[in-house]
Amino acid sequence: MQFPNDKKGKRVAYYGLCIALAFVLSYLESLLPVFTGVPGVKLGLTNLVVLVALYRMKVYDALFINVVRIILVGLTFGNGYSFLYSLAGGIFSFVVMVILYRSKKFGSVGVSVSGGVAHNFAQIAVAMLIMETHALLFYLPVLILSGTMAGVLVGILSGQIVKRLPRDL
Amino acid sequence: MIKRNDILLAALFLILAAAGFFIIQSFVKEGSYVRVTVDGALQGVYPLDAEGTYTIKGYDGGYNTMVISNGQVSFSEADCPDGLCVKMGQKSQVNESIVCLPHRVVAEVCEADEKAEFDAVSK
């Protein structure tokens, strides 16, 4: 029996694969101990999947995977407002990453670093809105630093993954 | 994979972070009061020079236990899943804060002369 060369089916399969992977990485990251007393400091492993999707699929594929991932994780591991934080962080960092990616002036590390920092910026902004306090602004330097470091790591990793994947998924 | 612009961008962020640290450091002062808000509303102002343990009711019915001891404030217990506020440790300097995102509790250290202003706001 032979399957027809079904492009749509292929895409659905890749969506499923990527979302499952992002989902598992989100879970993995929730198992990691919290290193610091600053809320929002994290590795951002799921950004690996988003970056690879951005480089090897189309922009809207990556956006779709990212949004479904955020909703799924919010429904399972999240508690109420954590969903709002991750949605704000996820969407804003995605927009920034797409701009840098499209500019063609940055490699995966630059795109990833901008995404990490943008993610933390958006989360702090939402937290300040919800809690109506400026005190959180004092976490910004730490969050810029952690976003940059995590971004470099994830950027290098995703660059290596993209290099080893076939040209068109 | 790594372009020159990537390194420049990362360096820029690191400089920004360092500048931020320095700016914050220059504002550091020992505080004398802790101002606690829940969901943006003032819940109470507690003096740092009086020892005490307080239970703060959070936005969703959860609680945080705040301890003031030796002029420092810390959270010793909370019924939220991550317990981040407990891990934040002790704070005593002006504008330092302990935050509990799930319960929307912010405990912020402030200066003596700010107390009057906060009392006015709480009315």
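Annotations
- Residue list for segment A:24-55, filter: at pLDDT below 90, more than 13 Å from chain B (Cβ to nearest Cβ) and out of contact with any helix residue (DSSP H, G or I) (no Cβ under 6 Å at 6 or more places or on another chain): A:27, A:28
Yes or no, residue by residue, for (1) assigned by TED's automatic domain parsing to the domain that holds residue B:110; (2) in contact with a Gly (Cβ under 8 Å, 6 or more places away or on another chain); (3) basic (Lys, Arg):
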| site | (1), (2), (3) |
| --- | --- |
| B:22 | no, no, no |
| B:41 | yes, no, no |
| B:50 | yes, no, no |
| B:71 | yes, no, no |
| B:76 | yes, no, no |
| B:90 | yes, no, no |
| B:96 | yes, yes, no |
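- Segment B:92-107: number of residues that are under 9 Å from the mean Cα position of the chain (by Cα) and surrounded by fewer than 21 Cβ atoms within 10 Å (Cβ to Cβ): 1
- If you go through segment A:74-88 and pick out every residue that is more than 14 Å from chain B (Cβ to nearest Cβ) and within 15 Å of residue A:47 (Cα to Cα), you end up with 1.
- Considering B:52, B:58, B:44, B:83, the condition of being more than 8 Å from chain A (Cβ to nearest Cβ) and in contact (Cβ under 8 Å) with a residue 24 or more places away in the chain is satisfied by B:58 alone.
- Looking only at segment A:89-106, and only at residues there that are surrounded by 21 or more Cβ atoms within 10 Å (Cβ to Cβ) and at the interface with chain B (Cβ under 9 Å from one of its Cβ atoms), the one that is nearest to residue B:2 (Cα to Cα): A:106
- Tally, over segment B:5-34, of residues that are modelled with pLDDT under 90 and more than 7 Å from every other protein chain (Cβ to nearest Cβ): 11
The values are calculated or read from the model by the stated rules, or taken from the named source; none is laboratory data. This structure is a prediction, so every number in the text was calculated from the model and none was measured. Note that we place each Cβ from the backbone using ideal geometry, even for glycine, and neighbour counts take in every protein chain shown.
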